[in-house]
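Before any comments, here is the structure.
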Amino acid sequence: MKVLSRKFKNKNQSYVNLIAYNNPASPITEQYRLVRTNIEFSSVDKEIKSIVVTSPAPADGKSTTASNLSIVLAQQGKKVLLIDADLRKPSIHYIFRTENTKGLTSVLTNKFGIEKAVTKTGISNLSILTSGPIPPNPAELLNSESMRSIMQDLKDQFDYLIFDTPPTLSVTDSQVLSNKCDGIVIVISSGKTTIEEAKNTKKLLSNTGAHLLGVVLNGTELKKENYNYL
């Protein structure tokens, strides 16, 4: 597996979920930009507009990665929609401090039109589509014809669709979405994710025919000397 980039955690400062917005000069933010650059290079032979972000297990940092990747894409002038496709344990509305009374599930069940469910953030070019009310049949909704139709409509409106999905080894939701999207980014956690978990995640996603863009290694310690140029 190709490592797109590494996202570091500085033990001397508290972790900020939206660090790419709150601290654009941070070395951590620069790593997100490196992920963005690698994705852009991956689109030389194939257009990459829709990206699934997943992880082997919970608490690997996938939602934070999806959020900050969306921010750095938007900061480049791209029109970005971050979609919370974790219909079991959604978190994007917490990260962006917004309500979740309507969202993706509301659109899929025809309770709201997409234009009423999408929320603009305070960040230029970045909108979010929260999960909406938690349904009894997440995988079925994500695999529906309605989902396919909505994705096509959204591709016409946005430059990038970033999907935050559930952990791959827990449920099948990310696999269901992966073959509908142009690429996948897997987030693994240093010191937490086992080699076997990483391999099994890659195998499950590859079996769907999905295009693996690479892996983000999360949670490694930031060492000051790594950023000295002299």
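The values are calculated or read from the model by the stated rules, or taken from the named source; none is laboratory data. Just so it is clear, the model here is predicted, and its values are computed rather than measured. In this analysis, Cβ positions are derived from the backbone assuming ideal geometry, glycine residues included, and neighbour counts consider all displayed protein chains. The protein model used for the area step is the full one, side chains on, heavy atoms only, and it has no ligands, DNA or RNA in it. Shrake-Rupley method; radii C 1.70, N 1.55, O 1.52, S 1.80 Å.
Observations on the structure shown:
- Test: residue in segment 212-222 that is in a loop (DSSP other than H, G, I, E, B), open to solvent by less than 20 Å² (accessible area, probe 1.4 Å) and under 25 Å from Tyr94 (Cα atoms): no
- Residues satisfying the stated conditions in segment 86-134, i.e. assigned to a loop (DSSP other than H, G, I, E, B) and basic (Lys, Arg): Arg88, Lys89, Arg97, Lys102, Lys111
- Candidates Ile123, Ile184 - the one that is closer than 27 Å to Gln31 by Cβ, touching a strand residue (DSSP E or B) at 6+ places or on another chain (Cβ under 6 Å) and not basic (Lys, Arg): Ile184
- Residue ranges of helices (runs of 4 or more DSSP H) in segment 1-77 with at least 3 members at pLDDT below 90: 27-42
- Pairs linking a residue in segment 60-72 that is without any contact (Cβ under 8 Å) to a residue 60 or more places away in the chain and farther than 17 Å from Leu87 by Cβ to a residue that is of a type in the set (Lys, Arg) and open to solvent by 10 Å² or more (accessible area, probe 1.4 Å), with Cβ atoms under 6 Å and 6 or more positions apart or on different chains, are Val72/Arg33; Val72/Arg36.
- Here Arg36 fulfils each of the conditions (1) open to solvent by 10 Å² or more (accessible area, probe 1.4 Å); (2) touching a strand residue (DSSP E or B) at 6+ places or on another chain (Cβ under 6 Å) apart from (2).
- Scanning segment 157-204 for residues that are surrounded by fewer than 18 Cβ atoms within 10 Å (Cβ to Cβ), at pLDDT 95 or above and within 23 Å of Ala74 (Cβ to Cβ) gives Gln157, Asp159.
- In segment 139-161, the residues that are of a type in the set (S, T, N, Q) form Cβ pairs under 6 Å with partners that are open to solvent by 20 Å² or more (accessible area, probe 1.4 Å) and not in a loop (DSSP other than H, G, I, E, B), at six or more places apart or across chains, as follows: Asn143/Val176.
- Exactly one residue out of Ile128, Ile134 is hydrophobic (A, V, I, L, M, F, W, C) and surrounded by 15 or more Cβ atoms within 10 Å (Cβ to Cβ), and it is Ile128.
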